[in-house]
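Taking it in order: structure first as structure tokens, then the write-up.
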Amino acid sequence: MTGETSGPSAMETLLSTLDLEPIEVDIFRGRSPKVGWQRVFGGQVIGQALMAAQRTIEGERFVHSLHAYFMRPGDPSVPIIYQAERIRDGSSFNTRRVVAIQHGKAIFALSASFQVEEPGFEHQIAMPEVEMPEALLGEQQIKEQYLAHAPEAIRKYWQRERPIEIRPVSLTHYFSDRKLDPKQDVWVRATGPVPDDRLYQAAVLAYLSDMTLLDTSLYAHGTSIFDQSLQVASLDHSMWFHRPCKLDDWLLYTQDSPSASGARGLTRGSLFTRSGSLIASVAQEGLIRKKANE
């Protein structure tokens, strides 16, 4: 009997996407998975650019912060070229700049700083008290209970196989136009094994850090990124890596949006392990604009 051969999992596809092809000294080629998106997911570009920067670092030095700007939408049908620049190599810190290029134009720029590991003062904010992921509806249960009557954009979002599973503590925002406090808590986890390699762990964490953030800035307005009358896009993204994490369990992504004005919304995020260790902090500003009437 001939068995059917299944394709790679979503996580295997993500890891392959992050495994950039070197084409010249400090120049890399990245590709996008064929998932039917009209533009490249921002988290993918962040993760690939970070991987490009990491591959120019020698010795045991790891990323502690990154700051990035989205300039043009990425075209998933063609490769992205990442050009890394070695800004500084110091005794404790290294600085890199990476520009992502498509069709001869820069679509994204990232600066990242790396540090040799050393001891120092330790403190962190406390993780909020929320329901554990096992007490929440899983993605299959959400599909079965809610998606039959959900808008098409929401159905497509939840039905697509993804490398990161999402379990929101509250689902109200997805199925209501009620104005809510601009904050949310979401459990996230990798849907497959992540290598025991800090370069991949940081890149996957950067990838997932772009998920759900922009939507939080819309909570106070009773709408979501699925609203077809809105133009929404990430403008910039900053991330600080506090502690290493193997990504082999659920993480709590707690978010709040302190301000929206000038057709932009700002969201802050904190990523905690299940045991309450703060592993990363994130900030992102996004475009949230009503489309002009056609």
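Brief remarks on what is shown
- Coil-residue chymotrypsin sites (Phe, Trp or Tyr not before Pro) of region 1-109, DSSP, other Cβ within 10 Å capped at 15: W37
- If you sort S270, S16 by accessible surface, 1.4 Å probe, largest first, the order is S16, S270.
- K105/A135 FRET efficiency (R0 41 Å; Cβ-Cβ; nearest 0.05): 0.30
- For region 54-112, applying the loop criterion from DSSP together with a ceiling of 16 other beta carbons within 10 Å to the GluC sites (Glu not before Pro) yields E58, E60.
- The residue among T223, P163, P193 whose Cα reaches farthest toward the positive pole of the charge dipole of the chain, with charges on the beta-carbon of Lys, Arg, Asp and Glu, is T223.
- Placing +1 on the Cβ of every Lys and Arg and -1 on the Cβ of every Asp and Glu, with nothing else charged, gives region 63-120 a dipole about its Cα centre of roughly 260 debye.
- For the chain, the per residue solvent-accessible surface stands at 52 Å², with DNA, RNA and ligands left out and a 1.4 Å probe.
- Ranked packing of 129-136, 220-227, most packed first, by mean Cβ within 10 Å: 220-227, 129-136
- Accessible area per residue was computed with a 1.4 Å probe on protein heavy atoms; L251 scores about 10 Å².
- Taking 20 °C and 1.002 mPa s as conditions, the chain diffuses translationally at an estimated 107 µm²/s according to Stokes-Einstein applied to its Kirkwood radius (Cα pairs).
- Over the chain, Cα pairs under 8 Å with separation of 6+ residues give a relative contact order of 18 percent.
- Evaluated with a Cβ-only charge set (Lys, Arg +1; Asp, Glu -1), the chain carries a dipole of roughly 940 debye about its Cα centre, given to the nearest 20.
- Charge dipole (debye, nearest 20) of region 198-294; +1 at Cβ of Lys and Arg, -1 at Cβ of Asp and Glu: 180 debye
The values are calculated or read from the model by the stated rules, or taken from the named source; none is laboratory data. Every value quoted in this text rests on a predicted model; they were computed, and no experiment measured them. A quick note on method: Cβ atoms are made from the backbone with ideal geometry, for glycine too, and the neighbour counts reach across all protein chains shown. Just the protein is used for accessible areas: all its heavy atoms, side chains included, with ligands, DNA and RNA removed. Shrake-Rupley method; radii C 1.70, N 1.55, O 1.52, S 1.80 Å.
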